[in-house]
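A.B. asks: Structure in structure tokens, see below.
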Amino acid sequence: MARTAMPDFTASPESVRTHGMNTSPLSIDYSLCMSDGVGDRGGLTDAELDAEAPAFERGLARLLGEVDAGRLGFFTLPKERAALQAIDAYVGSLPEGITDVLMLGIGGSSLGAKALVEGLGASTELAFTQPERRRLHLPDNSDPGRLAALLGCLEPRATLVVAVSKSGGTVETAAALLVARQWLAQGLAEKASEHLVVITDPEGGSLHDLAEAEGLEAFSIPSNVGGRFSVFTPVGLLPARLLGLDASGLLDGAAAMAEACRVPTLRDNPAGLLATLHVLHQRLRGHGIHVLMPYADALRPFAAWYVQLWAESLGKRLDRRGRIVESGPTPLPAVGATDQHAQGQLFVEGPRDKLVTFVRVAELAHDLTIPHEDGDYAYLGGHSLAQLLDFERRGTALALAEGGRPNLTIGLPRLDAHGLGALFFLYQAATAIAGELYGVNAFDQPGVEGGKELAYGLLGRAGYAEAAARVRDLEAARSKRHSLG
């Protein structure tokens, strides 16, 4: 294949804002996932992209119809401020001396909060550099090691426990809550309830009932908002405000992106464009592994959040008509420049089954200048670490393109509350639109429920005797010939 001309990547983020999109708070450069950037084998043609425009328009119209009917709440959350006002009042009334927040949740009840606070610079790993901020701890699993270690070093009187479960019955969260509540009671006696707050469904469920019975402070996840779409509810806003972060700016950025995502023209709608590129690359070019690779350590948790959002929403056995499709993309997290060394070889020379999306932050909050030194390292002198990071991103993108490997770049002017809010909403809306293009329901997760039911059977939960019997039958059917040790 003849080597194609490469675009100039020295331009500012504004100059690579392709095909309009002048209402978007960020830019999308998709030149290197089109055929004139990577060749016909790896890239889409303009005709192929434009041919999908009617399907996008129908999908967007259906999606916005659900939004306007009040059945799809994530889309309107950025313009709402009542929850944030209630959160601010609560945070202002907390007992003095709260230095640590222990947030108990899993999946959508944890990943979004971690991505939000770390994206805004409140690193959970570098808390010692921010003594003025509370520390946030997110065990995010039922593995006892992490929770036991946390409870062993935290002080109940200085800790606020936040339990998050949309249904109220998430078993991992329920178990961790019972352990943490006993820990609080042992350390604080009758004052334990002042150090416990829940975030759950406003109308019912075990967590809702517990809050009412014990008089706990409770915040709601709206009934029309699913857990993995809940970052703009108290799930994300409460930890943000507890750490003193700019939650209002986050909502403002998301609201600006929400307006851009209502535009009915495919190439002018950032979420529609992102979704359509991914769906077509899988359908027409076999690129079913979708890599998200931000070049900023603060966005590492964002890539993990994306994995759940994309996988749980789009990996479905049945389409909307009930037909078996067993389709969907496989999301893969990466971070630059770390994964140039860990996964870059696979991306550049491995199977041609990937579409890589880079996230570029034009202006990093901190930078370090590399000192001048004679010898082998002389070429580094005078550059900054931020320049080095961006040069590595550009080099990786072009190396992929030279080999016919498609990639695109999302550009943020800076990683602040406004930009992060826009990025979160972009991916939420893109997921919803991708569901329309794949023909699946992006807002359910039936494949997750089977494992939960069998676990309930093993635990002896009332009403799950049949599940317990299924476990016995399934385990009895395993051949012992296929076991080592």
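Bear in mind these aren't lab numbers, they're just calculated from the coordinates by the rules spelled out. All values reported here derive from a predicted model rather than from experimental measurement.
A.B. asks: Which of the pairs LYS114/LYS354; LYS114/LYS166; LYS79/LYS452; LYS354/LYS452; LYS114/LYS191; LYS79/LYS166 have their Cα atoms more than 23 Å apart in this structure?
C.D. replies: Details: LYS114/LYS354 27 Å; LYS114/LYS166 17 Å; LYS79/LYS452 35 Å; LYS354/LYS452 31 Å; LYS114/LYS191 28 Å; LYS79/LYS166 21 Å.
With Cα atoms farther than 23 Å apart: LYS114/LYS354; LYS79/LYS452; LYS354/LYS452; LYS114/LYS191.
A.B. asks: What do you get for Rg/Rh over region 169-317 if you use C-alpha atoms and the Kirkwood form of Rh? Intermediate results must be reported in sequence, preceding the final value.
C.D. replies: Working: Rg = 19.7 Å, Rh = 18.7 Å.
For region 169-317, the value is 1.05.
A.B. asks: Taking the alpha-carbon set of region 25-81, what are its Rg and Dmax in Å?
C.D. replies: Over region 25-81's Cα set, Rg and Dmax evaluate to 16.5, 48 Å.
A.B. asks: Also: With the Cα gyration tensor of region 224-286 giving a ≥ b ≥ c as the square roots of its eigenvalues, does the rule (a/c under 1.5 for rounded; else a/b larger than b/c for prolate; else oblate) give rounded, prolate or oblate?
C.D. replies: It comes out prolate by the Cα gyration axes.
A.B. asks: In whole Å, what are the extents of the chain along the principal axes defined by its C-alpha atoms, from largest to smallest?
C.D. replies: Ordered largest first, the chain gives principal extents of 72, 59, 57 Å.
A.B. asks: Kirkwood Rh, Cα Rg: Rg to Rh for region 72-188? Mind dumping the intermediate values first?
C.D. replies: Values: Rg = 14.9 Å, Rh = 15.5 Å.
Over the Cα atoms of region 72-188, Rg/Rh equals 0.96.
A.B. asks: Related question: Taking the alpha-carbon centroid of each part, what is the distance from region 332-370 to region 141-165 in angstrom?
C.D. replies: Their Cα centres are 33 Å away from one another.
A.B. asks: Two decimals is fine: what's Rg over Rh for region 154-210, C-alpha atoms, Kirkwood radius as Rh? Can you show the working numbers first?
C.D. replies: On the way: Rg = 11.3 Å, Rh = 11.6 Å.
Radius of gyration relative to Kirkwood radius: 0.98.
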